[in-house]
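The block underneath contains the structure these notes are about, expressed in structure tokens.
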Amino acid sequence: MNIWLTLCFCVLVVAYLLGSIPTGYLAAKLLKGIDIREFGSGSTGATNVLRTLGKGPGASVLFIDSLKGVVAILIARELFNFATAQDLLPGTINVDIWLSSMVALTGFFTILGHSKSIFLGFSGGKSVATSIGILFAMNWQVALICVGVFGIAIAISRFVSLSSISGALAAPVSMVILNQPLPYIIFGVVGSLYVVWRHKSNIGRLIAGTESKLGQKVDVDVEQTVNPAS
């Protein structure tokens, strides 16, 4: 039991560190020599990279941040398979509950790392792309529903923030509809609320009518500080 719990702890640490890799920050430093946190919304996520650096870097950051979520869940599952093969699991546990719980916890720590990166003084992105990667690794049907909701919302509103919130809120509903394990549903509820909370400044700008729409860009040659209206 102690060996199993130690392995679980190690996976959660790896998941947090993996999530903490500051893809958007590194892209901005490598391509423009700037700190992305000083431009646009101040986020290191794909949306701010898109507005600041363009479509190519934005798409690359989106892909890599999503991949971080997929890899983290795959690591958790491989650990579980290893522990099962080596007979490290306690004989009295419910295998399905342990696996789904481990996957859900790994997901939590990954999105926490993305939004509160230890490499950036506990700042970061808003965990949307990483969450999508996690959902695809958990259940691709849930992920497709969330992406579909996001797509419909962005087509109608052109607000990335509103669309991200809509997609996030679709996660727990989809989990319930598709009869997912309880730990997955809990992840869906807590994870979606966390994503909404990370968008609290965007919500304020949406209410005030100052939120930027998809396609609006940040002039990195002129703007030197975070623009609260971005």
Inside the range 1-43, the number of residues satisfying the requirement of being over 18 Å from residue 119 (Cα atoms) and polar (S, T, N, Q) is 3
Residues of the range 1-29 being closer than 25 Å to residue 95 by Cβ, surrounded by fewer than 16 Cβ atoms within 10 Å (Cβ to Cβ) and modelled with pLDDT of 95 or more, which ones? 13
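Of everything in the range 39-58, what is among the hydrophobic types (A, V, I, L, M, F, W, C), open to solvent by 10 Å² or more (accessible area, probe 1.4 Å) and closer than 15 Å to residue 127 by Cα? Give them in sequence order. Let's see the steps before the verdict.
Of the range 39-58, the ones among the hydrophobic types (A, V, I, L, M, F, W, C) are 39, 46, 49-50, 53.
With open to solvent by 10 Å² or more (accessible area, probe 1.4 Å) added as a condition, the list becomes 46, 50, 53.
If the condition is that a residue be among the hydrophobic types (A, V, I, L, M, F, W, C), open to solvent by 10 Å² or more (accessible area, probe 1.4 Å) and closer than 15 Å to residue 127 by Cα, then 46 is the only one that fits.
When you check residue 212 against the structure, is it crowded, with 18+ Cβ neighbours inside 10 Å and part of a loop (DSSP other than H, G, I, E, B), yes or no? Working first, answer last.
Values: crowded, with 18+ Cβ neighbours inside 10 Å: yes; part of a loop (DSSP other than H, G, I, E, B): yes.
When the stated conditions are applied, residue 212 passes them.
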Could you please find all residues in the range 88-144 being surrounded by fewer than 21 Cβ atoms within 10 Å (Cβ to Cβ), part of a loop (DSSP other than H, G, I, E, B) and at pLDDT 90 or above? 116, 121, 122, 139
Residue check, residue 77 closer than 17 Å to residue 12 by Cα, touching a residue at least 24 places away in the same chain (Cβ under 8 Å) and among the basic types (Lys, Arg): yes
What about residue 19, is it in a helix (DSSP H, G or I), closer than 30 Å to residue 212 by Cβ and in contact with a strand residue (DSSP E or B) (Cβ under 9 Å, 6 or more places away or on another chain)? yes
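The values are calculated or read from the model by the stated rules, or taken from the named source; none is laboratory data. Worth saying up front: this structure is predicted, and the values here are computed from it rather than measured. All Cβ positions, glycine included, derive from the backbone under ideal geometry; neighbour counts span all protein chains shown. Just the protein is used for accessible areas: all its heavy atoms, side chains included, with ligands, DNA and RNA removed. Shrake-Rupley method; radii C 1.70, N 1.55, O 1.52, S 1.80 Å.
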